[in-house]
Amino acid sequence: MSDPKSDTLTEAQLAVHWKEESYYYPPASFIAQANMTDGGILERFGEKNFPECYKEYADLLTWYKYWEKTLDTSNPPFWKWFVGGELNASYNCVDRHLAENRNKTAIHFVPEPENEHIQHITYQELWVRVNEFAALLRDFCGLKRGDRVTLHLPMTAELPITMLACARLGVIHSQVFSGFSGQACGERVADSGSRVLITADSYYRSGILLDHKKLADIAFDKAKEEKVVLEKVLVWQRHPGKYSAQTPLVQGRDFVVNDLLPKYRGQRVEPERMKATDPLFLMYTSGSTGRPKACQHSTGGYLSYVAGTSRIIQDIHPTDVYWCMADIGWITGHSYIVYGPLALGASTVMYEGVPNYPDAGRPWRIAEELGVNIFHTSPTAIRALRRAGPDEPKKYHYHFKHMTTVGEPIEPEVWRWYYNVVGKGEAAIVDTWWQTENGGFLCSTIPALAPMKPGSAGPGVPGIYPIVYDDDGKEVPAGAGKAGNICIRNPWPGLMQTIWGDPDRMTAVYFERYCKNKKSKDWHDWPYFAGDGAVHAADGYFRILGRIDDVINVAGHRLGTKEIESAALTVPEVAEAAVVAVPDEIKGRVPELYVSLKPGVTGDEALARRISKAIETEISPIARPRKVWIVPDMPKTRSGKIMRRVLGALSTGGNAGDITTLANPDVVEKIRDLVSRG
């Protein structure tokens, strides 16, 4: 631990307290069937073979025309991959599988209501539906290569069908998470200059059929405010043949897709021959300041990268039934529900609703019924499932060979529950780190080649060369026990091409900080700055500490909020923990801790003291929270993310802001009342 009197610590040098965990090794049964058991991959993707090593990923795809140059670095940091190559993403995810696997399930769509049948959409049926909808988009909407379309679709089978139809035409799709407001959708319509909005009348969430169409009206008006007028709004019906929204259709603007499709029955659309460097989609991500930014992802580089990482890191075979429990509204869903698994010809599972509806056994019943053998989810979901039904997985006869965790650091205690209870000790786990901007995994173990280590993502995946820098641009060496800013030294095919309409922002946010020479065209001079803190262990594994601004400076000590939360979760009664920083007259800022408890557990002051003591024991008295608040539930987004911003406002008596988009807005007043009573 750092000297308490030290005044030389920088924001990059967090106090690092997690102990290194023991290794867990994948079972022999997994290794025997793994896609990648050849340790030579590390040499093949080593720096001396860069960038040509990525041919191995690109060769997983079918190309109309092979590329002439693997990597063009002439305009840093706007790298171009597989220049001169031509392909189509829709063809690679659908058409090319028909010859041998037309009757194989491509998408298992699981409705939230358990009395509604699961849809098993074969590759043949997917091909028919994608073609017919592509014909509608082309002929009814007049959409063509390079046009933009905004999708505000829920987790139903029509979402990947729409994406693949757009890709078939060369139309750039921009999917907005269905839980986002109409205003947020409208902002993205305007920013992308979309011609058409594709939405749904309704969908199920926690047993309720929600009116989704009303958000389209708000989005239309918001975009119009910003001088972008949508030509058409297409509405998919949740129940074909029946309009389920209370919000009426607007005559002449809104069109029900299900009513139009019969006119396009039997139509086939030849896939556009897209350049590898043509955009495939836009994916918006929030910045720390300003409006959301649209990451523009390419066709050839992106598709190669997600196919390669799906095969090597997630061990997806064409024979696997694979379930990523993310939402396609996020990059994880684009890369690892749609494009990666379908490019490999696997069967991918989509689930409409919340994981614990109608009870905490639902995910395990789905896995059992469909024979899921690869499971992919976030630490947020894992913690929620652990809280709602810690023993539920034991009741069901499913068997996972492989499990992925993604989206945020996972605490060792939670990792062990995931491994022992969800995975039944049978599965290899990959703890992956990457971001919206990156397209696919950056750090992870290769499951058959490297052991697992709870709390650590692992080394860079093949072809990724991470480095940890301090604030002065000096490398923090492996094993130093100090945290810094994780960067990637090299370009890679999955990296976004630019920020749509704002290339200067791309350079400023991701490359300026550690750029060695702004006039250089040598990629070595342009490290990618991820904005996350990390520790590089002596064994080469990276432990991700979360966003660099998720740091509390307590009397000169930098404490990662994730570490405090992890320590709280070592107390058996605690299900979820969230730390916020509050002002302190003497120490500058101090942590306050919010915890929710497992079902059936009652909180009292004695438990709060025990939690506080655990943090002192696990980390240090410096990390002791000013107050431990035991709350009935955490304020969460509809995707399950804890809204620490809201908790911070409650701790400081500030304005909690707009809480209408929360999954449980009523809990905010309950917590406010608790805090006000002290």
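The values are calculated or read from the model by the stated rules, or taken from the named source; none is laboratory data. Fair warning: this is a prediction, and the values are worked out from it, not measured in the lab. When we count neighbours, we look across all protein chains shown, and the Cβ atoms used for this are built from the backbone with ideal geometry, even at glycine. Note: areas computed on protein heavy atoms with side chains; ligands, DNA, RNA excluded. Shrake-Rupley method; radii C 1.70, N 1.55, O 1.52, S 1.80 Å.
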Practice problem: Could you pull out every residue, at least 5 positions away or on a different chain, whose amide H is within less than 5 Å of the one on GLY407? Hs are placed 1.01 Å off N in the peptide plane, and Pro or chain starts have none. | Solution: TRP434
Exercise. Measure out, as a whole number of angstrom, how far apart the alpha-carbon centroids of the range 397-449 and the range 211-240 sit.
Key: 37 Å
Self-check item: Förster radius 25 Å - calculated FRET efficiency between ASN49 and GLU475, Cβ distance, rounded to 0.05
Solution: 0.65
Quiz item: What is the Cα centroid distance between the range 451-478 and the range 298-351, reported in whole angstrom?
Solution: 24 Å
Exercise. Quick one: which residues, 5+ away or cross-chain, put their amide H under 5 Å from the amide H of SER347? H built at 1.01 Å from N.
Key: ASP320, TYR322
Quiz prompt | Residue-wise HN-Hα coupling along the range 506-513, computed from phi with Karplus coefficients 6.51, -1.76, 1.60 (Hz; x: Gly, Pro) | solution = 4, 4, 5, 6, 10, 10, 5, 4
Quiz prompt | Mean Cβ count within 10 Å, highest first, over the residues of peptides 514-523, 144-153 | solution = 144-153, 514-523
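How much length would be gained if the chain were fully extended between LYS242 and ILE31, taking 0.36 nm per residue of separation minus their Cα-Cα distance, in nm to one decimal? Please list the in-between numbers first.
Details: separation 211, 0.36 × 211 = 75.96 nm, distance 4.90 nm.
Roughly 71.1 nm would be gained on extension.
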Practice problem: Could you tell me the distance between the Cα centroids of the range 607-671 and the range 21-49, to the nearest Å? | Solution: 40 Å
Quiz item: What is the list of residues in the range 197-216 whose amide nitrogen lies under 19 Å from a point 7 angstrom out from the Cα of LEU260, following Cα to Cβ?
Solution: 197-202, 212-216
Self-check item: Karplus (6.51, -1.76, 1.60) ³J(HN,Hα), θ = phi - 60°, over the range 481-491, in Hz, Gly and Pro reported as x
Solution: x, 10, 8, x, 9, 7, 10, 10, 6, 10, x
Exercise. For the chain, calculate the relative contact order in percent as a whole number, restricting contacts to Cα pairs under 8 Å that are 6 or more residues apart.
Key: 14 percent
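Figure the gain on full extension for THR62 and ARG253 (residue separation times 0.36 nm, minus the Cα-Cα span) and round it to one decimal in nm.
Contour length minus Cα-Cα distance gives 64.9 nm.
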Quiz item: Hey, any idea what % of the chain's accessible area is carbon plus sulfur with a 1.4 Å probe?
Solution: 50 percent
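If you roll a 1.4 Å probe over the heavy atoms of the protein chains, what accessible area per residue do you get for the chain, in Å²? Walk me through the intermediate numbers first.
Numbers: 24970 Å² over 678 residues.
The answer is 37 Å² per residue.
Evaluate the Kirkwood expression for the hydrodynamic radius of the chain, namely the inverse of the mean inverse distance over all pairs of different C-alpha atoms, and round to one decimal in Å.
Working: mean 1/r = 0.0389 Å⁻¹.
Roughly 25.7 Å, rounded to one decimal.
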Exercise. Set the Förster radius R0 to 35 Å, insert the Cβ-Cβ distance between ARG268 and HIS117 as r into 1/(1 + (r/R0)^6), and round the FRET efficiency to 0.05.
Key: 0.80
Quiz item: Across the Cα atoms of the range 444-603, what radius of gyration and what greatest pairwise Cα-Cα distance (Dmax) are found, in Å?
Solution: 18.7, 62
Quiz item: Rounded to a whole number of µm²/s, how large is the Stokes-Einstein D of the range 79-192 at 25 °C and 0.890 mPa s, given Rh as the Kirkwood radius over C-alpha pairs?
Solution: 157 µm²/s
Practice problem: Straight distance only, please: which lysines reach the Cα of LYS636 with their own Cα at less than 26 Å, same-chain residues fewer than 8 apart left out? | Solution: LYS213, LYS214, LYS222, LYS293, LYS562, LYS598, LYS627, LYS670
Quiz item: Given H placed 1.01 Å from N in the peptide plane, which residues other than close sequence neighbours of LYS636 have an amide H under 5 Å from its amide H?
Solution: MET643, ALA663, ASN664
Exercise. Kindly write out, for the range 58-64 in residue order, the coupling ³J(HN,Hα) from the Karplus curve 6.51 cos²θ - 1.76 cosθ + 1.60 (θ = phi - 60°), rounded to whole Hz, with x marking Gly and Pro.
Key: 4, 6, 6, 9, 9, 10, 6
Quiz item: For the range 458-608, what is the charge dipole size about the Cα centre, in debye to the nearest 20, if Lys and Arg each add +1 at the Cβ and Asp and Glu each add -1 at the Cβ?
Solution: 700 debye
Quiz item: If R0 is 41 Å, what FRET efficiency do you get for LYS516 and ASN664 from their C-beta distance, rounded to 0.05?
Solution: 0.30
